[in-house]
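Single-structure report; data block below.
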Amino acid sequence: MAFTRESDLYPAIKTLLERQGYVVKGEIKGCDLMGVRGAEPPVIVELKLTFNLALLLQGVDRLALTDRVYLAVPEPRGRRGGSVSVYRGEVRKLCRRLGLGLMTVLPTRNGGRVNVLLDPEPYRPRKAGKRLGLMLGEHARRAGDPNRGGVTKTPLMTAYRQEALRCALFIQRQGKASPKELRATGQAPNATGILLKDYYGWFERVERGVYKLTSRAEADIARFAAAGQLSDL
């Protein structure tokens, strides 16, 4: 059992709103459904068989008429429900940010069962302070602008990688070095952790507290140099 037309969603939503005291009528000046209850702002519901950009644009347009706008689609068969599923957190977040309500309709022998996922309300986002702090810290520590915005599938030159490269370049010049010597340069305050973790496989301990470069480090330094990514260091 599945809905084949947008109008198949209408009876179940109409019944739900009528039980709440609304007088419901369909196709009012281009709106799929409008419910009126006394002097309250009306409820408008836009119907689609799939959640898509056209439905979002309709909902945004209806916000010029009332703050009580819902988008309604059939309930997905699975929790994934296709590429743009109402169960995705990003979809609900987008609707919440736009101030749109969201509901699904499950087909039944009696017409359908409505599940209200979101009620429309003003969006007041909480600032992600910790995340913003990490971003600002990365921005401040990163030397120059080594990455082209928008690239994908390319290793990024992060502030951590830049500091690890400073360690590697110093060791390359000296032959070997200790974390203390690296920290003393003022360019690698996290040298101890970088050498111990050896995330990139660049450092080899030759004696207690002293490190040299691996062949992988030499190859990576040459690659970064050829790409012009060492100039800001």
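The values are calculated or read from the model by the stated rules, or taken from the named source; none is laboratory data. Everything numeric here is computed off the predicted structure, so don't read it as measured data. Note that we place each Cβ from the backbone using ideal geometry, even for glycine, and neighbour counts take in every protein chain shown.
Taking first residues from the range 15-42 that are over 18 Å from GLY59 (Cα atoms) and partners that are surrounded by 15 or more Cβ atoms within 10 Å (Cβ to Cβ) and aromatic (Phe, Trp, Tyr), the Cβ contacts under 6 Å between residues at least 6 apart in sequence or on separate chains come to ARG37/TYR22. Checking the range 25-32 against the condition returns a match, with at least one residue being exposed (fewer than 15 other Cβ atoms within 10 Å of the Cβ) and closer than 18 Å to VAL114 by Cβ.
Quick one: which of ARG88, ARG142, ARG79, ARG96 is among the basic types (Lys, Arg), modelled with pLDDT under 85, over 18 Å from TYR10 (Cβ atoms) and surrounded by 15 or more Cβ atoms within 10 Å (Cβ to Cβ)? Before the answer, list the steps.
Working: ARG142 fails: modelled with pLDDT under 85; ARG79 fails: surrounded by 15 or more Cβ atoms within 10 Å (Cβ to Cβ); ARG96 fails: modelled with pLDDT under 85.
One residue alone meets the criteria, ARG88.
Cβ-Cβ distances below 7 Å connect the following pairs, each with a first residue in the range 171-186 that is under 13 Å from PHE203 (Cβ atoms), a second residue that is exposed (fewer than 12 other Cβ atoms within 10 Å of the Cβ), and a separation of six or more residues or different chains: LYS176/VAL206. When LEU17, LEU65, LEU71, LEU55 are screened for being among the aliphatic types (A, V, I, L, M) and either in a loop (DSSP other than H, G, I, E, B) or exposed (fewer than 14 other Cβ atoms within 10 Å of the Cβ) (or both), only LEU65 passes. ARG183 meets each of the listed conditions (1) out of contact with any helix residue (DSSP H, G or I) (no Cβ under 7 Å at 6 or more places or on another chain); (2) within 30 Å of ALA227 (Cα to Cα); (3) not polar (S, T, N, Q) apart from (1). For ASP119, state whether it is at pLDDT 90 or above, exposed (fewer than 13 other Cβ atoms within 10 Å of the Cβ) and among the charged types (D, E, K, R). Taking the combined requirement at face value, the residue satisfies it.
Restricted to the range 192-203, and to residues there that are of a type in the set (A, V, I, L, M) and surrounded by 13 or more Cβ atoms within 10 Å (Cβ to Cβ), the residue that is farthest from LEU213 (Cα to Cα) is ILE194.
Which count do you get for residues in the range 157-191 that are exposed (fewer than 11 other Cβ atoms within 10 Å of the Cβ) and over 16 Å from GLY209 (Cα atoms)? Count: 2.
Just one of the numbered conditions (1) in a loop (DSSP other than H, G, I, E, B); (2) modelled with pLDDT of 90 or more; (3) small (Gly, Ala, Ser) is not true of ALA2: (2).
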